[in-house]
Amino acid sequence: MKKWFEQFKTEDWVVVAVSIVLLAMAVFIPGYLPAVPKHLTMLADWQNALILYVIVLAILCLGWLMLGRPLKGIVPSLLAVFGISLLAQVTAAIPQVAYYGFESVFFSVIFGLIIRNVFHIPAWMRPAIQSEFFIKIGVVCLGATILFSDVMKSGAVGLIQAVLVVTVVWFFAYYISRRWGVDRSSAMILSSGVSICGVSACITAARVAGGDDKKLSYIVSLVLIIVVPMIYLMPWLSRMLLPLFFDDPKLIQEVAGAWIGGTIDTTSGVAASSAIVSELSNQHAVIIKGAQNVLIGVVAFFIALYLSTRGEKNNAVPSLHIVWEKFPKFIIGFVAASLVFSLCQANDVFHVTSKGKLLEPGVAKMFSGLFFSLAFVCVGLETRLKEIISRENRHLMWAFLTAQTFNIIVTFLIACLLFGVIKPLLG
């Protein structure tokens, strides 16, 4: 019995445990939890930042106690990491910066890289540089934001597009990445980012595939940089190409939304880009993106299942024991969070805000974004630029650009077929 309990003292299970605490807070006391401040001009902003710091500190200490790790130096170290993350949030909220579509995780990486490569990281700052731990918590909390009912709003046509796009683009991106000489784990991260939803998919795939955090940082940077021109490119392409194939203005807007929702790699980028076209396009694009987001867990599961049967000594025959032993347990937390929050929504447990959004999943999303931001500060602090500027990373770049170009073309064809032809025929 004692040996059975020992298996739960691993980081993955501890991540699930502390994430349950965060999600319980989101369900039972959402009204008392602050949002991540985007400005620091008022006393209330500083108070909110302090409350969030205390929550993160409590979660980190709880996790460390469960893992039997020392707590020495955690308080000042986390304060430094949290401060850098907060600066990234504030920077991303500057109107001139937000206009170009740059997200807070991008600045989290950049600020971390600057500190790591220009200055010296003191020993007191190192205890809280825990990118792996923070990322896994962010992934579990992300599961609570993916509600099945949101996906069903797009109907069968939207779900079919999501499955087709993710499947076709993922395998093409993986194939082209391997042809460019990209290692298997990085190819899986890149393929997930291009085909599903950018940063979140990259992070989840990296934790499942065991990818190098330096490569993860590089791929995420590519995702966030390429999103910016695509926000403006996709509406322009929609206006140029779609009227050549369809006459109905409403149909053109629906197809444009489906095309944008399936190609741009971040949810915020999808929302910004599709809003340029029309409100109808915006609605379709966000729903399509939501449908693809749900597939993060599905893709992560199959990646884990595949990898769990590879690389065994003496070519051992794959078994359920091997699959369970190697399967990343925090993915169970991700799926469970999505299931529980979806059931709560279905039974009208959640509250609706004045903006018409669900309060509790919104708090879970806040926690997910906060821990992702902390994680990428740590990734930057752990990365030496001269180590990632290599020929292999140039191959990553070309593989990413090739896969994204393919994504634009194949999603255009699928969106036109499903939303421009099949959906009108079905009435």
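Scaled against the 2.2 N^0.38 Å expected of a compact globular protein of N residues, the Cα radius of gyration of region 128-233 reads 1.14. Using just its DSSP H runs of length 4 or more, each adding -39500 (n - 2.57), the chain gives a mean residue ellipticity at 222 nm of -24000 deg cm²/dmol after division by all residues. Across the accessible surface of region 96-208, with the other protein chains kept in place and a 1.4 Å probe, carbon and sulfur atoms take up 67 percent. With N as its number of residues, the chain has a Cα radius of gyration that, divided by 2.2 N^0.38 Å, comes to 0.97. Packing, taken as the mean count of other beta carbons within 10 Å per residue, orders the peptides 197-203, 160-166 from highest to lowest as 197-203, 160-166.
Once all protein chains are placed together, T145 keeps about 40 Å² accessible to a 1.4 angstrom probe. Kirkwood radius, region 169-288, all distinct C-alpha pairs, inverse of mean reciprocal distance: 14.9 Å. Potential lengthening of the chain between W236 and R178 amounts to 17.7 nm, from the contour at 0.36 nm per residue minus the alpha-carbon distance. Against the main long axis of the alpha-carbon atoms of the chain, helix 330-346 sits at an angle near 60°. Of the peptides 17-24, 65-72, 374-381, the order by per-residue mean of other Cβ atoms within 10 Å, starting with the highest, comes out as 374-381, 17-24, 65-72.
Here r is the Cβ-Cβ distance between L62 and Y99 and R0 is 45 Å; the resulting FRET efficiency, rounded to 0.05, is 0.70. For region 212-255, pairs of C-alpha atoms spaced more than 11 angstrom apart make up 70 percent of the total. The Cα atoms of region 15-166 cover 54, 41, 33 Å along the three principal axes, with the biggest extent listed first. For the chain, the solvent-accessible area of protein heavy atoms averages 46 Å² per residue (probe radius 1.4 Å; ligands and nucleic acids excluded).
The values are calculated or read from the model by the stated rules, or taken from the named source; none is laboratory data. Everything numeric in this text was worked out from a predicted model, so none of it was measured. Here the Cβ is made from the backbone with ideal geometry for all residues, glycine too, and neighbour counts use every protein chain on show. For the accessible areas, the whole protein counts, side chains as well, though only heavy atoms, and no ligand, DNA or RNA atoms are used. Shrake-Rupley method; radii C 1.70, N 1.55, O 1.52, S 1.80 Å.
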